Amino acid sequence: MRRSLKTAVQILDEDGTPTMPFATLLVSYLQNRDRSKAFRLGEWLSTVSERELASLLTLAERQVSQPTTDPDLLGVYFFALAAERGQRTVSLKMDEVEQHAVKMLALFSVEDLRRRGQVELAEILSVEYFDQCAILLTELGLQEAKIAQ
């Protein structure tokens, strides 16, 4: 009988205060997942609670509207990108770092719409391949779009 060992990760500030709660959640998820399949961020996003997704959306919206960089959102971006690439480290150009919040906001928004039944995804959402993800509008999504007009 094989046993599964779950690992808990916590990212702490210098004084031991927990920080970067979403990056911590992602790292814990990555350490405890089946590594025989390629990782995509949407896999993890589908496991976060409604409250956590709402907080992620707020965090990304705030960062898009403000010129500062939130280390938690940046951490989620870097850890997800490294995991999707199967690498321990990630090198990015400055413009990619500057645009990470916009990409994360788009990813979180699509996941929110998926949960509401307004879109369907042809594949799992990906940080690396987001621009190639097929996002299909459902009948409910079409009705919501007509109402919004």
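The values are calculated or read from the model by the stated rules, or taken from the named source; none is laboratory data. Since we're looking at a predicted model, the values are computed, not measured. We place every Cβ from the backbone using ideal geometry, glycine too, and count neighbours over all the protein chains shown.
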Counted residues in the stretch 127-149 being of a type in the set (Ser, Thr, Tyr) and over 22 Å from Glu50 (Cβ atoms) come to 1
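Residue by residue, here is whether (1) surrounded by 15 or more Cβ atoms within 10 Å (Cβ to Cβ); (2) among the aliphatic types (A, V, I, L, M) holds:
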site: Asn32; (1), (2): no, no
site: Trp44; (1), (2): yes, no
site: Thr47; (1), (2): no, no
site: Leu53; (1), (2): yes, yes
site: Leu59; (1), (2): yes, yes
site: Ser65; (1), (2): no, no
site: Glu84; (1), (2): yes, no
Report the residue count in the stretch 129-145 for those that are surrounded by 10 or more Cβ atoms within 10 Å (Cβ to Cβ), among the polar types (S, T, N, Q) and either in a helix (DSSP H, G or I) or in contact (Cβ under 8 Å) with a residue 60 or more places away in the chain (or both).
-> 1
Confirm whether Thr58 is assigned to a loop (DSSP other than H, G, I, E, B), within 20 Å of Thr19 (Cα to Cα) and under 17 Å from the mean Cα position of the chain (by Cα).
-> no
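Please go through the stretch 134-149 and pick out each residue that is among the charged types (D, E, K, R) and within 17 Å of Ala122 (Cα to Cα). Lay out the reasoning, then the answer.
Restricting attention to the stretch 134-149, the residues satisfying the condition of being among the charged types (D, E, K, R) are 139, 144, 146.
Across the stretch 134-149, the qualifying residue is only Glu139.
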Do any residues in the stretch 12-26 that are farther than 18 Å from Ala54 by Cα have Cβ atoms under 6 Å from those of residues that are modelled with pLDDT of 75 or more, where the two are at least six apart or on different chains, and which pairs are they?
-> Asp13/Thr19
Gln63 fails exactly one of (1) touching a residue at least 24 places away in the same chain (Cβ under 8 Å); (2) farther than 20 Å from Met20 by Cβ, namely (2)
Consider only pairs whose beta carbons are under 7 Å apart and that are at least six residues apart or on different chains; among these, list those whose first residue lies in the stretch 69-86 and is without any contact (Cβ under 8 Å) to a residue 12 or more places away in the chain and over 13 Å from Tyr29 (Cα atoms) and whose second residue is charged (D, E, K, R) and not in a helix (DSSP H, G or I).
-> Ala82/Arg88
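Condition check ((1) at pLDDT 95 or above; (2) within 12 Å of the chain's Cα centre (by Cα)) across all residues:
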{"residue": "Ala8", "(1), (2)": "no, no"}
{"residue": "Met20", "(1), (2)": "no, no"}
{"residue": "Gln31", "(1), (2)": "no, no"}
{"residue": "Glu43", "(1), (2)": "yes, yes"}
{"residue": "Thr68", "(1), (2)": "no, no"}
{"residue": "Leu92", "(1), (2)": "no, no"}
{"residue": "Asp95", "(1), (2)": "no, no"}
{"residue": "Phe108", "(1), (2)": "yes, yes"}
{"residue": "Arg116", "(1), (2)": "yes, no"}
Kindly provide the set of residues from the stretch 35-55 that are outside any loop (DSSP other than H, G, I, E, B) and of a type in the set (Lys, Arg), ordered by number.
-> Arg51
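Surrounded by fewer than 13 Cβ atoms within 10 Å (Cβ to Cβ) and part of a helix (DSSP H, G or I), is that true of Asp112?
So Asp112 fails the test.
Hey, any hits in the stretch 88-103 for a residue that's under 20 Å from Arg40 (Cα atoms), touching a residue at least 60 places away in the same chain (Cβ under 8 Å) and polar (S, T, N, Q)? So that I can check it myself, show each step before the final result.
First, pick out the residues of the stretch 88-103 that are under 20 Å from Arg40 (Cα atoms): 88-92, 96-97, 99-103.
Now drop any that are not touching a residue at least 60 places away in the same chain (Cβ under 8 Å), which leaves none.
No, the stretch 88-103 has no match at all.
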